[in-house]
Structures are given as C-alpha cells and as structure tokens.
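Read-outs throughout are calculated quantities, based only on the coordinates presented, and are distinct from any laboratory measurement. Note that this is a predicted model, so its numbers are computed, not measured. Virtual Cβ from ideal backbone geometry, glycine too; neighbours counted across all protein chains shown.
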Amino acid sequence: MSNFKTTLKKFALTGIGAGLMLTMASTSQVNAKTFEPAQVTDMLHLVLASDREVYTKKVVKRLANKHKVIKASEFFEDDKALPLPAQMFRFGSETVADKTKDFSYSLISLWPINKQNAPKTDIEKKGLEFINANKGKNFYGEESLGGKKYFTAVYPDVAIATPCVGCHNNHKDTPKKDFKMGDVMGGVVIRIPL
Amino acid sequence: MSRNSLFWILWLIITLGLGGYLSAAMIYSGDRSNLLIGKTTSGHHQIELSCNTCHGNGFTDEDTIQNACLSCHENELKVSNDSHPIKKFRDPRNADRLEQLNAMKCVTCHTEHKPHLVSDMGMGLTLPKDYCFKCHEDIAKERPQTHQNLSFDSCATSGCHNYHDNKALYEKFLERHADTPDMKLTQLVNNFKYEKLSEEYGGLKRGDPLDKTDANAPKEHLNDSLVDSWHQDAHAKNGVNCTACHQPDKAQQTSEKQTWIKKPGIAVCASCHKEENKSFLAGKHGMRLNPSLSQSKSDPWGILFKEKKFTPMRPELARLEMKEAAHGTELTCNTCHSVRKNNHKFNLQEAKVEACLSCHDDQHSKAYLTSPHYKLWQKEIKGELPKGSGVTCATCHMPRVEVEDEYENIIYLINHNQNANLRPNEKMIRSACLSCHGLRFSIDSLADPKLIKKNFHGRSTFKIESIDWVLKRSSKAEETK
C-alpha cells in the first residue's frame, strides 16, 4: 500500500512538474513572440504621433495661441520661444539617430517649407501619394539605400490644430496656401533596416 | 662566411633596427618629427608631435580620427549652433548624399598634412569650394530671383553662407537687422553688460572681503608692497587668502606639511577658474599645456621611453609675426595677467591690449594703435567715456560670453580660447560688432581683407548683397499673399 502511495506521490509530482514546464514553455513562447516590421513601425508611429499631438495641443496651442504667454517660433533660440511642432519632431528624430541605428524616422511632405524635406526616394514619393489619395491609410514597402535594405512605412501627418494650418498657409516658402483642418499635410516615414 | 651572406645579415640587422626604431617612435616616443608626412595646419602645428591624440596607436580607423576631432571641437560646433551637424545626416534617406560627400566625417573637408590644400580664404585649414553644390544644386530653381547664375563655389566665399556657423547670417537674422544704422546711438560692448552679470553670479567668491591684517602667509613671505597689492586685488575682495594659492593643499586641509609654493602655476589658478582654464587649454595660447597631450608616451614598463609633456607655448613657435623681444616668453596665466610688476594685483586691463601687443607683431595688431577702436578704449580708460565704450583686442578675440558651467548654470566669463571667435570672422558679428554697428556695416567690413589689415581704420570697399536679397524675397512674398 505504502508503495502504491509513494508511486502515486511520484506520479503526482511528475504531473505537477510537467504542468509547470508546459506553463513555462508557453510563457517563454509569449516572450519570444516576434513582431512583423509593420507592427513595430505602427507602434513607433503611435508613440510619435501621440507625443506630436500632445506637444501641438497642450504646449504650443495652449500657451502660444490660447493664453499667449509665450511664442512658438522657427527661430526659437533668438526669440526665446517654443520650437515649432515640426522642429520638435525633427530634434527627437535626430536624437534617436544619435543613439541607435535600429530605426529612424523623419517628417516629409509633397509641399515642404524646407525643400530638403521633399520626398527623395521612390518609396517616399509613392508613400506620400498613396496616403494623400487614401485617407486614413498607411503605406508599407521595402527599399535599398546605400547598399542596405530597409522596411519603410509612411503614415499620414494630418492638420490637427489651427496653428499647423495657419503657419503653413502663411509661410513665405510654402508651396501650398490652402491647407484645411484634417488635411494630410505630409507624412511620417519610419525605417527599419532588414 | 661569404661576402654576400655578410651583406644579407647586415641588411637584415639594419632593416630590423630601423624598422624597430620607427615603429617604437610611432607608437611610443623618440623624435617623431621624421614621421610627419606633411606640414600640419596652423591649428595643429603646435601639437603635431602628439601623434597619438589623432591617430590612436597608429593603426586605427577613421572613427578614431573622427572621435579625436570631436574630443576637441565638438563643443565649438554646439556653441555655433552648427547648421550641418552630423546627426542631420544619419537618416538613411541621406545615403545618396553621403556617397557624394561624407558629411559625417570632419576629414572629408578638413584633412591634415596637406599644406597645398589649405584654403586661400584665410581659414587656416583645408576647405574645398564645391561642397555646397553637392546637395544644393537646385538652389537657382528654388530662388531664381537671387541665386540664378551664381558660381558653384561662391556660396561660402561671398560673405553670405558658412557651413557650420550661420548665427549672424541666417535669413531671418538678416531681415531683422537690415535697417540697423552703421553706428548705433548707444555704443557699449557686451563685455560690460556681462561683467555686471558675472559679479552678480558670484561663482568665484570664496568668502568675505579680507583685510590687510588677515593675510595668512608666513612672516618671511610677507612685505607691505605685496600685501597692499593683494588687498586691492579681486582675490582679497573675494576672500582668497595667501595660502589658498601658495599652499593650496594646506589651505584645504588635505596636507599639513605642504611647503610654500613661490610661483603657483596654472593648476592652482585652474582650481577656481575652471571654465577659463578649459577655454585657455583649447586655444592657441594654452593648447600645449593640455594635460591629455604629450610629445611622447611612456612605454608600458617606463624603461625605454618616458612620457614627455609639451613646454608652454612661446611666441617664436607661432606662425604669425611675433616681436623678437618676446621670444622665449612662456605663455601661462601670469604672462598676461602679470605678476610682472612683482605685485599681486592681477591685471585685467593690460591683459586686454598691452599683453597682446607685447608679442603680436602682424599688420592687423600693429594697426590697432591707430584705429578708432583704440581711441575709444583710451577715452574709456581716462574716464572720458563710460565703461564698455572701448574696443580692445579682447573685445573681439576673447570676449566675455554666456556659457553653461559643469552644473548647467549660466555664467558669464572671458572665453580664453582666442580661436573660438576667430574664423570664420562672421562669428564676431554677434559677440562684438553688433554692440555698436549695424549688420550691413559689420558684414561688409569683415569681408574686406585690406580693411582688416588696417584694423578697421576707414570704410569697407566691399558690398555684400545678402541683406538686399533677403529684403527682395520678403517683399515678393508679401506681394503674393
């Protein structure tokens, strides 16, 4: 009888052990989940777009346009003012580029104020045209730059606050003066080397 | 042994010996001047034998050289609000541009040991003329009114653009200062304003003002003349007693038995004047004293080669014309701030003109004494004009500037790196010229090499069109609104 009990105990312990191992295996399976490049760029874009929206609405629009306690200026150093949302975005992108080569991002447009921000690569051109023609949709593709292959995603950058539209329509270097709220003004390009 | 074998053995011994010597010299020490592959630029010639500073162990890659450039020049680029920082080119979308012009590496434009490539624009370094074109070739299409038919090498030679520092040349700045008169009504240089702010900051204050009877040097080192001059000096007024400099370890209670240092050196000054020292070591007057540089390294066992530091800079080592009488003078803090008169009143006034002219003997320096700037300085010294009216050598070449200290506090100090504000000379516009002059006047004056030689005695014969072009573009934009 005692032998039977011992065998039962052993059996039960083995069962618990196996169960634990299975659970651990399934947990490690969750940890090892791989993401498609498009999922990664979607997540990155969500963070970038949210931060961009918060800065535009809660900082620039609130302090510069609503309460008028500080200006937002392209020449923010000399004017002791807030950097414009597009500049803020570019500074972030340059800081990221200083720290990692795992991904990069930029803000470009078919109607750029600074001509250096016009689309350069075929994918950038295709991407901007696609997001302008297909409202609310993103563009994904692959391209080779400098001998390296990249997954490239282009996301619409939409006019979410009146200062965006006002500044772009009135800037002396703008090629387009009839932006309206909700228009796609440009695109956020995110690249991941493959 | 045959004669041939003997020759072979001799050849082998000589080759190995010579190879060994050159390799050892390259990596460690010896007379390395034989290894120089060409004359270095005026920025580096004083320290050219500190090969390892740029080349690492001699077998390193481009990144080592790039890091060496940045280790000395990165902060200058930051201060100049670099228009083309490296980080701008990291985005892969610039890959095609980088293939044409690798803007990620300083040596793409500024190479060393190639004196025949040194720019004829008076920049003191190598600088190609066509680098703008590689990325901005469409500029004539973008700005047909103003940039049509301009020569591809005229961007940076016309007085309109610089690659790095455009703080006084960018479009909006030109527009905003377009109408400033040649001579402003109030003419006071920043030095004065910043001196006040610097006093308010009080970062160097060590205690309450000290009286003559507080002097704490041992009796054998005290005399009335010394105590008098110390008492009139900023050191006594800011609570700095004798032992703070002459027995610094004892004063800070880190050593009981420290003996009296008769002539405290740069390290003692630097213990309080940290930021001034940092900038001094970065410029041509002090770079040879930079503790990280040495003429030769010690071998790992310290047997064959010993570390040899550079001696302080002396005028005869300079490439500019220097007075013969000054040859042999070693440049440290005291050289300009003087204990020459054997007293303790550290001169600030003489350090702004007399100290410079006691060595410098080029046309521009000599012409200063006939310049309108010098006349103003004389009147200021005599009290005929308010403080800040005079323009000294230091006003332009070692201005008092706003910087962040190691704790990110804003402080106002004299930048002792005479090179920081020197080239391109438009760097001086904001820190010096604009205090008294209009922007047009300043840009035109700095573009005229003959006027610079005459130390601005007279008027510029140059007319830089950038401000007019900016105004033309703005009025056109207004019309189309």
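Per-structure values
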| item | result |
| --- | --- |
| Hydrodynamic radius of region B:212-267 per Kirkwood, over alpha carbon pairs, in Å | 11.7 |
| For region B:1-128, the fraction of alpha-carbon pairs in successive 10 Å shells from zero, as % | 10, 30, 29, 16, 9, 5, 2, 0 |
| Radius of gyration and maximum dimension Dmax of region B:91-195, Cα, Å | 18.0, 51 |
| Normalised per residue, the volume of the convex hull around the Cα set of the protein assembly as shown (Å³) | 358 |
| Computed label-point distance, nm, for sites residue A:171 and residue A:122 using a 7 Å Cα→Cβ extension | 2.9 |
| Extreme residue, positive dipole direction of the protein assembly as shown, given options B:329, B:17, A:138 (C-beta unit charges) | A:138 |
| As computed over chain B, the Cα convex hull volume per residue (Å³) | 237 |
| Shape box of region B:110-155 [Cα atoms, principal axes, largest first, Å] | 40, 18, 12 |
| Number of partner chain Cβ atoms within 10 Å, mean per residue of B:93-102 | 4 |
| About the Cα centre, charge dipole magnitude for the protein assembly as shown (Lys/Arg +1, Asp/Glu -1 at Cβ), debye | 900 |
| Restraint check, B:78/B:472; B:184/B:375; B:250/B:352; B:274/B:306; B:237/B:382; B:205/B:323, Cα-Cα greater than 26 Å | B:78/B:472; B:250/B:352; B:274/B:306; B:205/B:323 |
| Violating pairs (Cα-Cα greater than 32 angstrom) within the set B:39/B:366; B:453/B:476; A:180/B:476; A:57/B:167; A:137/A:177; B:278/B:308 | B:453/B:476 |
| Modelled FRET efficiency - R0 56 Å, residue A:148 with residue B:301, Cβ distances, 0.05 increments | 0.75 |
| Within chain B, longest stretch free of exposed chymotrypsin sites (Phe, Trp or Tyr not before Pro) [DSSP loop, at most 11 other beta carbons within 10 Å] | B:60-300 |
| Cα Rg, Dmax (largest Cα-Cα span) when computed across region B:352-481, Å | 17.5, 59 |
| Global geometry of region B:1-69, whether rounded, prolate or oblate, following the gyration tensor of its Cα atoms and the 1.5 cut on a/c | prolate |
| FRET efficiency for residue A:178 and residue A:69, using Cβ-Cβ distance with R0 set to 25 Å, rounded to 0.05 | 0.25 |
| Proximal aspartates and glutamates to residue A:172, defined as alpha-carbon separation beneath 14 angstrom and excluding residues fewer than eight positions away on the same chain | A:74, B:142, B:171, B:175, B:478, B:479 |
